[in-house]
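Take a look at the structure set out below.
Any read-out appearing in this document is the output of simple, stated calculations on the displayed coordinates, not a laboratory observation. It should be emphasised that the depicted structure is a prediction, and the values quoted were computed from it without experimental measurement. Counting neighbours? That spans all protein chains shown, and the Cβs are built from the backbone with ideal geometry, glycine included.
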Amino acid sequence: MPTLEAKPGPYTFNSDSVALLVIDMQRDFLLPGGFGESLGNDVSQLSRTIEPLSVLLAAWRTRGLPVVHTREGHLPDLSDCPPAKLSRGQIGQEGAFGRILIRGEYGHDIVDELAPLDGEIVVDKPGKGAFYATDLSEILDKLGTRSLIVTGVTTEVCVHTTVREANDRGYECLVLADCVGSYFPEFQRAGLDMIAAQGGIFGWVAESPTVIDALQEER
Ligand code: C5J
């Protein structure tokens, strides 16, 4: 069982019961000229995660371990978008990459560098948390997952909500600091600190090379 250095202490996982969760690495959030940038955000704070995440994904795939990608978005008729969310954003409006956060649009899909391979699981979620109104619990049960290596964007929104949901469901979550991103550096710092605070109240935090090393040492 690989063990790696993490905050607040060592993190151990079993290769038979671990999955990599890649949250919302979508063009609408990450690409220059897209929805995220149109809100005045600095998308480079998110795109810096693409490179380390690609390296991790390659190592993960080599081992044949399960990957679950998520995408935040809504049905074209917006029937799954609560009025409170609709009224405070641009969801469904025409953006640079199609209708914003609408399933099937170019901007809703995952960036090319991290495109899911055939057979990898993609969970479409209408909320911030990946467990809300999805079959993620059933998917993870079927895989026998107990430990989640968590990556993606944004740290303080969909990553945090998902980690909190997962922690409440008994999953042991390791969040990779270099593979999660926030538009706001102060939220990135605070978001990661919150996860590992109080003895790991929601989980553990480490950097992706520690996971890659742990996978290699196990071979
Ligand atoms: C946001 C997300 N930030 N994936 N979505 O609206 O974190």
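Assign unit charges at the C-beta atoms only (+1 for Lys and Arg, -1 for Asp and Glu), then state the dipole size of the chain relative to its Cα centre in Debye, rounded to the nearest 20.
300
How would you order 156-163, 170-177 from highest to lowest mean count of nearby Cβ atoms within 10 Å?
Ranked by mean Cβ neighbours within 10 Å, highest first: 156-163, 170-177.
Using the Karplus curve 6.51 cos²θ - 1.76 cosθ + 1.60 with θ = phi - 60°, what ³J(HN,Hα) values do you get for each residue of the range 39-56, in whole Hz, with x for Gly and Pro?
7, x, 7, 8, 5, 5, 5, 9, 5, 5, 7, 4, 4, x, 5, 4, 5, 4
Using the Cα centre of the range 134-219 as the reference point, and only Cβ charges (+1 on K/R, -1 on D/E), how large is the resulting charge dipole? Debye, rounded to the nearest 20.
Using Cβ point charges on Lys, Arg, Asp and Glu, the range 134-219 gives about 80 debye.
Can you bin every Cα-Cα distance in the range 55-178 into 5 Å intervals starting at zero and give me the percent of pairs per bin, rounded to whole numbers?
Computed distribution, short to long bins: 2, 9, 19, 23, 21, 15, 8, 3, 0.
Once you have the Kirkwood Rh of the chain from its Cα pairs, apply Stokes-Einstein at 20 °C and 1.002 mPa s and quote D in µm²/s.
For these conditions, the coefficient is 123 µm²/s.
Report, as a whole number in µm² per second, the diffusion coefficient that Stokes-Einstein gives for the range 108-219 at 10 °C and 1.306 mPa s using the Kirkwood radius over alpha carbon pairs.
Result for D is 106 µm²/s.
Taking amide H positions as placed 1.01 Å from N in the peptide plane, with prolines and chain starts having none, which residues 5 or more places from residue 178, or on another chain, fall under 5 Å of its amide H?
Counting only residues 5 or more places away or on other chains, the set is 208.
If you count the DSSP beta bridges with both ends in the chain, what percent of them are antiparallel, to the nearest 5?
Around 20 percent antiparallel, to the nearest 5.
What list do you get for 1, 194, 25 if you sort them by fewest beta carbons within 10 Å?
Final ranking by Cβ density, sparse to dense: 1, 194, 25.
Between residue 146 and residue 134, what length in nm is gained on full extension when 0.36 nm per residue of separation is reduced by their alpha carbon distance?
2.5 nm
Which aspartates and glutamates, on any chain, are close to residue 7 with Cα under 16 Å apart, when same-chain ones fewer than 8 places away are left out?
Correct list for residue 7: 172, 178, 193, 207.
Would you report the distance distribution of C-alpha pairs in the range 1-68 as whole percents per 10 angstrom bin, up to the bin with the largest distance?
Spelled out per bin, shortest first, that is 17, 36, 29, 16, 1.
Per 0.36 nm of contour for each residue apart, how much would the distance between residue 85 and residue 112 grow if the chain were fully extended, relative to their Cα-Cα spacing?
Taking residue 85 through residue 112 to full extension adds about 7.0 nm, to one decimal.
For the range 156-219, what log10 I(q)/I(0) values come out of the Debye formula at q = 0.16 1/Å, with one point per alpha carbon and no solvent?
-0.54
Take peptides 101-108, 116-123, 133-140 and line them up by average Cβ neighbours within 10 Å, highest first, as a rough protection proxy.
101-108, 133-140, 116-123
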